[in-house]
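Trainee: Sending over a structure as structure tokens; questions will come in a sec.
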Amino acid sequence: MNAGTERPAVTGDDRAAESRRPITVVLIDDHRLLRDGIRRILESQGGFSVIAEAENGTDGIDQVRRHRPDIVLLDVALPGPGVVETAEQLRAVSPQSRVVVLSMYDNGALVSRLLAIGVHGYLLKSISYDELLANLHAVYADPNRLVLSISQQSLAVSGVESKLTTREHQVLVLTASALSNAQIAARLSLTEATVKRHLRAIFAKLGAVSRIDAVNKAIEAHILSGNERQGWQ
């Protein structure tokens, strides 16, 4: 083979150049000021390139489908579909993208739901920019890495929903509609004694002292939605 047809050897410098490729990011947040601040920090200090932005979940999904970024930074509260539905669609249109949720809420139950659909991180907006950069580098470097910044108390609450049996959840939903024990028993074809036993178990698992306390704590833990609290409004 003559010199003109030889392929150049891959050198360490070539590999280093590839490793220095900016990490691509799509920002999805409805606050432009926050997007501007994050973009400037990522691009000036972190070795990232923000290739697209969106101010709602629907547009964000389109941007991620188009660009297939390394990382998606997703605000927890956006116009359009909820964060869980949005995250599910982001994972569907770009499975290789690491989805990291930014939130003001220390909500263990929501974290559990998001992790179950493949989200790679849940970070509170109270963290520093240095912590944000470190977490994003970590989740990019290892696709199996999860990055979280929530409290131990929040994580403890997140396990409550999985501890409720199907029947206990049914009783809890009917309790939230302000049905009496007799009405719940009739609706579920149970005895009143059985309903009382289920309620005692629900109170213990939620750390509740009354029916209304159980309903409120279930809503806080995202076990029930606000719409299911009809009878207590």
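Trainee: Between 172, 164, 123, which is modelled with pLDDT of 90 or more and farther than 30 Å from residue 68 by Cβ? If you could, list the steps in order and put the result at the bottom.
Mentor: Details: 164 fails: modelled with pLDDT of 90 or more; 123 fails: farther than 30 Å from residue 68 by Cβ.
Unique residue meeting the criteria: 172.
Trainee: Still on this structure, please answer the following. Name the single residue that is least open to solvent (accessible area, probe 1.4 Å) among those in the range 191-202 being touching a residue at least 12 places away in the same chain (Cβ under 8 Å) and more than 17 Å from residue 223 (Cβ to Cβ).
Mentor: Once the filter is applied, the top-ranked residue is 195.
Trainee: Do we find that residue 95 is surrounded by 21 or more Cβ atoms within 10 Å (Cβ to Cβ) and in a loop (DSSP other than H, G, I, E, B) in this structure? Write out each step before concluding.
Mentor: Numbers: surrounded by 21 or more Cβ atoms within 10 Å (Cβ to Cβ): no; in a loop (DSSP other than H, G, I, E, B): yes.
Answer is no for this residue.
Trainee: May I ask you to list the residues in the range 60-88 that are in contact (Cβ under 8 Å) with a residue 12 or more places away in the chain, in a helix (DSSP H, G or I) and open to solvent by 30 Å² or more (accessible area, probe 1.4 Å)?
Mentor: Answer for the range 60-88, where residues must be in contact (Cβ under 8 Å) with a residue 12 or more places away in the chain, in a helix (DSSP H, G or I) and open to solvent by 30 Å² or more (accessible area, probe 1.4 Å): 63, 65, 66, 67, 85, 88.
Trainee: Yes or no: residue 217 under 24 Å from the mean Cα position of the chain (by Cα), open to solvent by 70 Å² or more (accessible area, probe 1.4 Å), among the basic types (Lys, Arg) and at pLDDT below 90? Explain how you work it out, then say what you get.
Mentor: Values: under 24 Å from the mean Cα position of the chain (by Cα): yes; open to solvent by 70 Å² or more (accessible area, probe 1.4 Å): no; among the basic types (Lys, Arg): yes; at pLDDT below 90: yes.
Taking the combined requirement at face value, the residue does not satisfy it.
Trainee: Taking the range 127-145, which residues are in contact with a helix residue (DSSP H, G or I) (Cβ under 9 Å, 6 or more places away or on another chain) and either open to solvent by 70 Å² or more (accessible area, probe 1.4 Å) or without any contact (Cβ under 8 Å) to a residue 12 or more places away in the chain (or both)? Before the answer, list the steps.
Mentor: Residues of the range 127-145 that are in contact with a helix residue (DSSP H, G or I) (Cβ under 9 Å, 6 or more places away or on another chain), as a first pass: 127, 129-130, 132-133, 136, 145.
Residues satisfying the conditions are 129, 130, 145.
Trainee: Related question: Among the residues of the range 161-190, which ones are open to solvent by 40 Å² or more (accessible area, probe 1.4 Å), part of a helix (DSSP H, G or I) and farther than 28 Å from residue 112 by Cβ?
Mentor: If the condition is that a residue be open to solvent by 40 Å² or more (accessible area, probe 1.4 Å), part of a helix (DSSP H, G or I) and farther than 28 Å from residue 112 by Cβ, then 182, 183, 186, 187 are the ones that fit.
Trainee: Hey, residue 121 hits all of (1) surrounded by 17 or more Cβ atoms within 10 Å (Cβ to Cβ); (2) small (Gly, Ala, Ser); (3) farther than 23 Å from residue 31 by Cα but one; which does it fall short on?
Mentor: (3) is the only condition that residue 121 fails.
The values are calculated or read from the model by the stated rules, or taken from the named source; none is laboratory data. What you see is a predicted model, and the numbers here were worked out from it, not measured in a lab. Don't worry about glycine lacking a Cβ; one is built from the backbone with ideal geometry, like all the others, and counts go over all protein chains shown. These accessible areas exclude ligands, DNA and RNA; they are computed on the full protein's heavy atoms, side chains included. Shrake-Rupley method; radii C 1.70, N 1.55, O 1.52, S 1.80 Å.
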